[in-house]
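The values are calculated or read from the model by the stated rules, or taken from the named source; none is laboratory data. Given the structure is predicted, the values throughout are model-derived calculations rather than measurements. Cβ: placed from backbone, ideal geometry, glycine included. Neighbour counts: every protein chain shown. Areas reflect the complete protein model, heavy atoms only, side chains present, ligands, DNA and RNA absent. Shrake-Rupley method; radii C 1.70, N 1.55, O 1.52, S 1.80 Å.
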4 protein chains.
Amino acid sequence: MRALTDNNEIATLLIHCPDHGGLIAIVTQFLSHHNGNIIDLDEHVDTEENIFFMRVEWQMKGFSLTRAEVKEIFEREIARPNDMTWSIHFSDRLPRMALFVSKMSHCLHDLLARYQSGEWNVDIPLIISNHELLAPVAERFEIPFHYFPISKDNKQATEAKQLALLKEQNVDFAVLERYMQILSADFIDQYPNRIINIHHSFLPAFPGARPYHNAHKRGVKLIGATSHYVTADLDAGPIIAQDVTHISHKDAVENLVRKGRDLEKIVLSRAVYHHLQRKTLIYNNKTIVFD
Amino acid sequence: MRALTDNNEIATLLIHCPDHGGLIAIVTQFLSHHNGNIIDLDEHVDTEENIFFMRVEWQMKGFSLTRAEVKEIFEREIARPNDMTWSIHFSDRLPRMALFVSKMSHCLHDLLARYQSGEWNVDIPLIISNHELLAPVAERFEIPFHYFPISKDNKQATEAKQLALLKEQNVDFAVLERYMQILSADFIDQYPNRIINIHHSFLPAFPGARPYHNAHKRGVKLIGATSHYVTADLDAGPIIAQDVTHISHKDAVENLVRKGRDLEKIVLSRAVYHHLQRKTLIYNNKTIVFD
Amino acid sequence: MRALTDNNEIATLLIHCPDHGGLIAIVTQFLSHHNGNIIDLDEHVDTEENIFFMRVEWQMKGFSLTRAEVKEIFEREIARPNDMTWSIHFSDRLPRMALFVSKMSHCLHDLLARYQSGEWNVDIPLIISNHELLAPVAERFEIPFHYFPISKDNKQATEAKQLALLKEQNVDFAVLERYMQILSADFIDQYPNRIINIHHSFLPAFPGARPYHNAHKRGVKLIGATSHYVTADLDAGPIIAQDVTHISHKDAVENLVRKGRDLEKIVLSRAVYHHLQRKTLIYNNKTIVFD
Amino acid sequence: MRALTDNNEIATLLIHCPDHGGLIAIVTQFLSHHNGNIIDLDEHVDTEENIFFMRVEWQMKGFSLTRAEVKEIFEREIARPNDMTWSIHFSDRLPRMALFVSKMSHCLHDLLARYQSGEWNVDIPLIISNHELLAPVAERFEIPFHYFPISKDNKQATEAKQLALLKEQNVDFAVLERYMQILSADFIDQYPNRIINIHHSFLPAFPGARPYHNAHKRGVKLIGATSHYVTADLDAGPIIAQDVTHISHKDAVENLVRKGRDLEKIVLSRAVYHHLQRKTLIYNNKTIVFD
């Protein structure tokens, strides 16, 4: 959709590995040595687990290695000797995002508006839904809409079809925008740390169904929203973003739902933005977000 | 400590009862009829439970009834016919607050500073603790400090002594400032909706022990504090005030503890302030706060 | 667009007048007397200015007066004797809202999504713009789009045409969604307290042009957004809603713009929602919001 | 007051200089080369001004250079060739903080509670005031209290005495806790970027006197507090921390003052904490805070 010239191209490297002194120096020197101009660097050490995390961005312009070379040489000289798990991303490759929706449109509208206005550098090749209700929204934004009605009987077969579609469309990651189906562990395994959900509570409070009703019943003075990577444990995956808003005794459940919608869409969009910017690293069911 | 002249005296009436049309008119007319100048009025209807809540303040100056008369006539003419639960408070009677502490001083310091500077109209006749550590703080602010070491064996007897002390001192309500003991149901029954606790999480998440450790383990992006009235169910009483602060992967547990301290003391002080202002009404394990 | 049956119809009365004891009783008794079941009541006294404000909602079902009668009798018996400024609204009449835009689409998308999904009970008969850029967005949501290019020479004539269009369409109020033109005092006079703007700073800081650039230059640690009624004084009208978000030294101006967009659309939508709910009263260049 | 053993000693280096590729590698390699185990590193590049900022912490245990050597060698080999402005701090030297107060005690109480409880590693050798009112608070916390009444006639002479006292007490930095005097430019020059103030508004809105009154008059829906380094321009120095709280039409000025007190003390304490942790770097009237 949007192309960046080679001149502006940026490489992003994400790393985690057992910590030992000197890792920052090792990586930054590697890049300096090959003439890479670092434009952003973040690092973190989990001192309990003794794990080192790093994200570094540099300009490909002037860098003395090709994409293939940097991968090969970095792996051989830096990653393997230091036992690193790593990935590299180049900014001219737009991530491909699939959207899953059911009946509620607020998150969908919000993400499509960001896409359509050019706020986000992303491709959205498809929207998947278990209801037909939001097909007109997809049509309005000219995104192919795939309707998969789901019942107990067809769930496994439907997920297989959905997965085939995601593969066919080279989807990098998926966003569940108040998608009211629980994905199977098999499905999730195909996209580890690449399915983002929004849950309408400040987790771990009020997991599962009807969190606004439960919040109202408990008489809390805050409601929240939590965006997290989906794992096989319901609403228990690594948290990317959370926020809350104050409520009072005046707020009936329908008011919590109304106020919550704004939280949900903003929190989800923050999480997706961090993911798109390659600012997230996952370890031990937690998310490092280099904000 | 601080006395208000009769001229400035304010009466506060708190009411709840089954809702029916016209309750506001009935109460406001009663006050108007007796020449009461209303200076603040809040009402709320819980439409699910069909309960009416009201708080009204008026000036005693110019009011045509004495304290004794207003109680008697209001009960006979208004409260009984409408099945009201009600209480009335006069501003020249300072509430008497007992503080319970263990080893952490941040909430204690904060409340004592508000007391000492005259920010709050309250009397603090005593501090009770199961440790001696904070005796010097009490001494510094010239509040009698009562040390009650607690073991499994003496818990019941100790609570009896504490209760006797509270009665002797005409204590109206108690504040648990990170008091690390669980009060017995019998104790709580003596002060229903009159014991305020601060819990260091956004309840209902992370009840019980070590909430910051559990928050860290779960990888949340927010930590919170909750002040609530104490009931026999641990950390499950009616919530008065809650707030949160954002955290990140950089925050080790000790940082959560540090940031949490500020939340705890501010949230607790908001709750105590609302209670002191007679702005709270409790029904169905929830708190109406007429903020 | 959406019709309510007579049975569910709700009347809303907004009042302000010089304060004196007994106003609440007078109004609630009037409604009780005519069999009006009050479902919401808020009042406020500005003790400095000695002005009484009130908002009351009741069910028309069972009410013994017609719409015409309630207006006539309330005016004669209650409003005139108490020197009240007042208005009454019935819930089956959808407010008609005009949108003004320029080149930025985030607020427009957000409001149209609320409209399209049925979140808001409002009609949007037209969008007015001084640029053609957002015509496709209007088309996507099937709202008539009126393009009025503006230059120094044609400003007065253009405003006259815009006003004629607003009158023709029976517009009740207008929302400026990052509309980059300053309306003349004459234009504003036609819609007093009925034009809502969003300014991208926490006013009164950074009024006028380029607030994010100025915020960045000043090195603030917060950015904000403010929604207010438009008056002849630029960015100085009565404030309806404000909010902020934390920023850091890492945030370049383009990041402030990005983070600010989310604030702008949420703050603007809160203000428009309050206006739609008839929850706002304006006095002395300030806004009472009965939230 | 509190001593750290040599084993736990931590060195902190703060740097800023013109940016060029490789600075991170140069510094981290210097430390690695001398066996310094880096435990925290933050860096930032101001791409507009092309300035590089860095903060790095390492353990002195195992480091192969003495304090004197690290200063000399770093200056010669790293700082001078790269045109660096830098400072180094060792964790066994407690910073010495002077407090300036007038009549309001909330910030003073808050900071003294942090000091007294051991929350902060700091020495407070003295409190300076232009009023006697808070002498009992100082006495309660056993901090020497110096009373300097100030008039137009004696201002210059008084400041000279205050400065002499600060020098005599080896004060590192000063905190103005609602100190209601404007320090002269000469005074400020003696402690550049080492005097921290709290202003009771979200600057740049409502600088100077009576910000709560002005906020009330303007009808804002938020109030704020700002902590900044003091410069010769009133309330215009580099901002360290800011925060806000929501208010409504119900809040009279005295309520803004009450709610504001909590903001002021929390925001000031965050700023002082960042300063104590050597997390702040100042450039171009802005503050980098490596939070």
**Message:** To check you understand DSSP bridge types, tell me what percent of the beta bridges within chain A (both residues inside) are antiparallel, rounded to 5.
**Reply:** 70 percent
**Message:** Considering only C-alpha atoms, what is the centroid distance from the stretch D:4-52 to the stretch B:207-248, in Å?
**Reply:** 37 Å
**Asked** Under a 5 Å amide H to amide H cut-off, with H placed in plane at 1.01 Å, what residues pair with A:ASN37 once short-range neighbours are removed?
**Response** A:GLN59
**Asked** Quick one: of the DSSP bridges fully inside the protein assembly as shown, what percent are antiparallel, nearest 5?
**Response** 70 percent
**Asked** What are the label-to-label distances in nm, one decimal and shortest first, from D:LYS103 to the same spot in the other copies, with labels 7 Å along Cα to Cβ?
**Response** 4.2, 5.3, 6.2
**Request:** Please work out how much accessible surface C:VAL244 shows to a 1.4 Å probe, ignoring ligands, DNA and RNA, in Å² rounded to 10.
**Result:** 30 Å²
**Complete:** Taking Lys and Arg as +1 and Asp and Glu as -1, residues besides A:VAL56 with C-beta under 9 Å from its C-beta add up to -3
**Prompt:** Add -39500 (n - 2.57) for each DSSP H run of 4 or more in chain A, then divide by its residues: what number comes out at 222 nm, to the nearest 500 deg cm²/dmol?
**Reply:** -9000 deg cm²/dmol
**Prompt:** Where does the stretch A:96-289 land on the Kirkwood hydrodynamic radius, alpha-carbon pairs, in angstrom?
**Reply:** 17.0 Å
**Request:** From largest accessible area down, sort C:LEU276, B:LEU112; use a 1.4 Å probe on the protein chains.
**Result:** C:LEU276, B:LEU112
**Request:** With θ set to phi - 60°, apply the Karplus curve 6.51 cos²θ - 1.76 cosθ + 1.60 along the stretch C:87-92 and write out the HN-Hα couplings as whole Hz, x wherever there is a Gly or Pro.
**Result:** 8, 10, 9, 10, 6, 8
**Message:** List, shortest first and in nm to one decimal, how far the label point of A:ASN255 (7 Å from Cα along Cα→Cβ) is from its counterparts in the other copies.
**Reply:** 1.6, 3.7, 3.7
**Request:** Compute the relative contact order of the stretch B:10-90 as a whole-number percentage, counting only Cα pairs closer than 8 Å that sit 6 or more residues apart in sequence.
**Result:** 46 percent
**Request:** Return the FRET efficiency for the residue pair C:MET180, A:ASN170: r is the Cβ-Cβ distance, R0 is 51 Å, and the value is rounded to the nearest 0.05.
**Result:** 0.80
**Fill in**
Looking along the axis that carries chain D onto chain B, the residue of D whose Cβ comes nearest, with distance in whole Å, is D:ARG140, 2
**Prompt:** Pick from B:PRO207, B:PRO149, B:PRO238: which residue has the top mean-square fluctuation in a GNM of chain B where Cα pairs under 10 Å get a spring?
**Reply:** B:PRO149
**Fill in**
Taking a straight Cα-to-Cα line shorter than 29 Å from B:LYS167, and setting aside same-chain lysines fewer than 8 residues away, one finds B:LYS71, B:LYS103, B:LYS152, B:LYS155, B:LYS265, B:LYS279, B:LYS286
**Fill in**
Here, C:ASP189 and D:HIS146, labelled 7 Å along Cα→Cβ, have an inter-label distance in nm of 6.3 nm
**Residue of B:HIS200, B:HIS89, B:HIS33 that the Gaussian network model of chain B assigns the largest fluctuation, springs spanning Cα pairs under 10 Å** = B:HIS33
**Complete:** Shortest first and in nm, the label-point separations between A:SER151 and its counterparts in the other identical copies (7 Å out along Cα→Cβ) come to 6.6, 6.9, 9.5
**Complete:** For C:ASP46, the net charge from surrounding residues (Cβ-Cβ under 9 Å; K, R +1; D, E -1) works out to -2
**Item:** Accessible area (Å², 1.4 Å probe, nearest 10) - B:HIS44
**Value:** 20 Å²
**Asked** Antiparallel DSSP bridges in the stretch B:1-156: what percent, to the nearest 5?
**Response** 75 percent
**Prompt:** Where a ≥ b ≥ c are the square roots of the eigenvalues of the C-alpha gyration tensor, would you call the stretch D:10-90 rounded, which needs a/c under 1.5, or, failing that, prolate if a/b is larger than b/c, or oblate?
**Reply:** prolate
**Complete:** Heads up, the stretch D:77-186 by the C-alpha gyration tensor (a ≥ b ≥ c square roots of eigenvalues; a/c under 1.5 rounded, else a/b over b/c prolate, else oblate) looks oblate
**Asked** Leaving out ligands, DNA and RNA but keeping every protein chain, what accessible area does B:GLU75 have, in Å² rounded to the nearest 10, with a 1.4 Å probe?
**Response** 50 Å²
**Request:** For the stretch D:117-150 and the stretch C:71-100, write down the distance between their C-alpha centroids in whole Å.
**Result:** 59 Å
**Item:** Segment B:ILE39-B:GLU77, extension gain: residue separation times 0.36 nm, minus the distance between their alpha carbons
**Value:** 11.4 nm
**Asked** How high is the FRET efficiency from A:SER91 to C:ASP153, r the C-beta distance, R0 41 Å, rounded to 0.05?
**Response** 0.35
**Complete:** Over all viewing directions the Cα convex hull of the protein assembly as shown casts an average projected area in nm² of 49.4 nm²
**Request:** Evaluate the relative contact order of the stretch A:96-289 (contact order divided by residue number), counting alpha-carbon pairs under 8 angstrom at least 6 apart; express in whole percent.
**Result:** 19 percent
